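What follows is one structure encoded as structure tokens, with my remarks underneath.
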Amino acid sequence: MGARTSRVAWLLGICLLVPCAGEAAPALRSDMVASLERLQARLGDGDPAILAREAEAAAERLAGGNAADRWARALFLQIAATAEVERGNDVRAAALFAEARGIDGVESRYRRRWLHQEARLRLRAGQTEQGAALLKRWLESGEGAADDAWLMAQARADLDQWAAAAQWVDRARQASGALPERWQSFAAAVYQRAGRDAAALAVLDVLLADDDAPADVWRRAAGLAQRLGERGRAAAILEAGRRRGVLTGETDLRRLIELHLAGGTPARAAEQLVAALARGRLPDDLDNRRLLARAWSAARAHDKALVAWREVAERSGRADDWRRLGELAYGWGRRQTVVEALQKAREAGDATPRDWLLTGVAAFEQGDVAAARRAFRAAREAGAAQAAAWLAALDDGQVVTTPAGAGER
């Protein structure tokens with residue numbers, strides 16, 4: 001009886017047989033009151049199918065009667081509807097409430113009450129569009145509570161009307177005075193689908209305060225922060241999730257490192273990646289080595305960046321990786337590394353005019369004029385405009401400084 005009683009209790013926030021205190025309704029004959037009371041007493045205890053049939057039959061016999069008969073008919077229909085709720089037949093129950101509120105002479109307060117019950121039943125039965133329309137009418141009457149606003153938000157979300165759903169979430173939160181725990185995840189999802197990322201993130205922050213917040217909540221919060229351009233905040237969220245022991249996978253760790261790199265803390269990214277590679281938490285593959293090199297470069301940790309890029313180039317054998325090492329070395333004044341890296345780049349593929357030009361400049365600055373001359377001649381043949389000026393200066397025996405543009409791409 002417990003489950004059935006709970007279904008009936010879902011509807012029994014109203015007076016079934018007689019008006020609530022202070023409410024007027026047509027007076028009923030004593031035998032009619034007795035009949036209604038007998039049927040009401042069987043709610044939650046007995047066969048609801050039989051009860052529904054008897055209540056409907058009683059209502060049918062009163063069709064077309066006077067004001068008191070019509071009022072009694074409405075009450076019999078209400079009992080029949082409640083019995084159908086016991087049976088789990090929400091669609092039929094909703095139809096009976098609709099019939100009851102359509103009876104002539106029933107006061108508006110009862111119509112609104114049955115409208116409310118019908119709306120909730122239709123929503124629960126999956127008749128979302130019809131239920132939402134009815135619930136909106138109920139709420140517009142000014143009698144709706146916070147739970148009804150949440151139901152309306154849920155209905156709009158079920159209809160993929162995300163902007164409207166978000167507005168109802170706002171109203172529900174205002175009516176609730178706080179954000180009920182059972183609606184927190186829903187509210188965040190609605191705000192996010194409606195494009196209100198800041199509001200969604202604020203709700204997720206509340207969820208993250210719970211020790212039991214699941215991994216997907218941490219990931220969603222980090223993703224929203226990143227989408228809002230708050231990469232540092234996104235990284236901090238992932239860091240906290242890892243400290244809580246929630247985010248333990250390779251994907252989360254790699255994303256955290258990339259966020260540190262993008263969010264202006266590249267040294268932190270590099271340090272975490274070094275530790276992850278050393279402990280086997282991330283594979284020691286070329287992609288992660290390249291990420292490490294990028295992180296040290298962004299952190300302007302010259303020695304570590306050059307070592308990291310050399311590791312990448314040696315593993316990949318690609319001219320572009322050797323060239324990247326040479327470019328960084330040139331910018332940081334490591335001339336010998338420039339010569340070695342760009343030689344490797346030439347061996348790995350076709351040399352660019354810039355490769356030859358930077359090789360010549362590095363050789364010259366190391367005092368190897370013959371090597372510089374050879375490189376500048378190759379640069380001139382490859383089309384580097386600055387090479388001619390270098391060769392002319394070398395032929396004249398002048399003290400040369402780097403021509404304008406020699407260090408430019």
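The values are calculated or read from the model by the stated rules, or taken from the named source; none is laboratory data. None of the values given here were measured: they were computed from a predicted structure. Methodologically, a virtual Cβ is constructed for each residue, glycine included, from the backbone with ideal geometry; neighbour enumeration extends over all protein chains shown. Remember, those area values only see protein heavy atoms, side chains included, never the ligands or the DNA or RNA. Shrake-Rupley method; radii C 1.70, N 1.55, O 1.52, S 1.80 Å.
Tally time: how many residues in the stretch 72-110 are open to solvent by 50 Å² or more (accessible area, probe 1.4 Å), within 19 Å of Ala55 (Cα to Cα) and assigned to a helix (DSSP H, G or I)?
So the answer is 4.
Considering only residues that are within 17 Å of Ala301 (Cα to Cα) and among the polar types (S, T, N, Q), look in the stretch 251-290 and name the one that is most open to solvent (accessible area, probe 1.4 Å).
Thr265
Open to solvent by 20 Å² or more (accessible area, probe 1.4 Å), under 23 Å from Gln154 (Cβ atoms) and assigned to a loop (DSSP other than H, G, I, E, B): which single residue out of Asp210, Asp216 fits that description?
When all the criteria are applied, what remains is Asp210.
If we scan the stretch 133-152, do we find a residue that is in a helix (DSSP H, G or I), among the aromatic types (Phe, Trp, Tyr), under 29 Å from the mean Cα position of the chain (by Cα) and closer than 30 Å to Gly195 by Cβ? Before the answer, list the steps.
Initial filter on the stretch 133-152 (in a helix (DSSP H, G or I)): 133-140, 146-152.
Those still in the list that are among the aromatic types (Phe, Trp, Tyr) too: 138, 150.
Going one step further and asking which of them are under 29 Å from the mean Cα position of the chain (by Cα), we end up with 150.
If we keep only those that are closer than 30 Å to Gly195 by Cβ as well, we get 150.
There is at least one residue in the stretch 133-152 that is in a helix (DSSP H, G or I), among the aromatic types (Phe, Trp, Tyr), under 29 Å from the mean Cα position of the chain (by Cα) and closer than 30 Å to Gly195 by Cβ.
Out of the helices (runs of 4 or more DSSP H) lying entirely within the stretch 259-340, which hold 3 or more residues that are in contact with a Cys (Cβ under 6 Å, 6 or more places away or on another chain) and under 30 Å from Gln226 (Cα atoms)?
none
For Arg193, only one of the following conditions fails: (1) open to solvent by less than 40 Å² (accessible area, probe 1.4 Å); (2) touching a helix residue (DSSP H, G or I) at 6+ places or on another chain (Cβ under 6 Å). What is its number?
(1)
Return the pairs, sorted by first residue and then second, in which the second residue is aromatic (Phe, Trp, Tyr), the first residue lies in the stretch 157-168 and is at pLDDT 95 or above, the beta carbons are less than 6 Å apart, and the residues are 6+ apart or on different chains.
Ala166/Tyr191
Every residue, every condition in (1) open to solvent by 40 Å² or more (accessible area, probe 1.4 Å); (2) within 47 Å of the chain's Cα centre (by Cα); (3) of a type in the set (A, V, I, L, M), yes or no:
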{"position": "Gly333", "(1), (2), (3)": "yes, yes, no"}
{"position": "Gln343", "(1), (2), (3)": "yes, no, no"}
{"position": "Glu347", "(1), (2), (3)": "yes, no, no"}
{"position": "Val361", "(1), (2), (3)": "no, no, yes"}
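Open to solvent by less than 50 Å² (accessible area, probe 1.4 Å), under 23 Å from Arg255 (Cβ atoms), in contact (Cβ under 8 Å) with a residue 12 or more places away in the chain and under 44 Å from the mean Cα position of the chain (by Cα): which single residue out of Ala313, Ala319, Ala295 fits that description?
Details: Ala313 fails: under 23 Å from Arg255 (Cβ atoms); Ala319 fails: under 23 Å from Arg255 (Cβ atoms).
Result: Ala295 is the single residue among Ala313, Ala319, Ala295 that is open to solvent by less than 50 Å² (accessible area, probe 1.4 Å), under 23 Å from Arg255 (Cβ atoms), in contact (Cβ under 8 Å) with a residue 12 or more places away in the chain and under 44 Å from the mean Cα position of the chain (by Cα).
Could you give me the residue pairs with C-beta distances under 7 Å whose first residue belongs to the stretch 199-210 and is in contact (Cβ under 8 Å) with a residue 24 or more places away in the chain and over 18 Å from Glu239 (Cα atoms), whose second residue is part of a helix (DSSP H, G or I) and open to solvent by 30 Å² or more (accessible area, probe 1.4 Å) wherever it lies, and which are 6+ apart or on separate chains?
Ala200/Gln192
Among Ala295, Ala236, Ala213, which is the only one that is out of contact with any His (no Cβ under 6 Å at 6 or more places or on another chain) and modelled with pLDDT of 95 or more? It would help to see each step written out before you state the result.
Working: Ala236 fails: modelled with pLDDT of 95 or more; Ala213 fails: modelled with pLDDT of 95 or more.
It is Ala295.
Being on the phi < 0 side of the Ramachandran plot, open to solvent by less than 60 Å² (accessible area, probe 1.4 Å) and within 23 Å of the chain's Cα centre (by Cα): is that true of Gln184 here?
On the way: on the phi < 0 side of the Ramachandran plot: yes; open to solvent by less than 60 Å² (accessible area, probe 1.4 Å): yes; within 23 Å of the chain's Cα centre (by Cα): yes.
Yes, satisfied.
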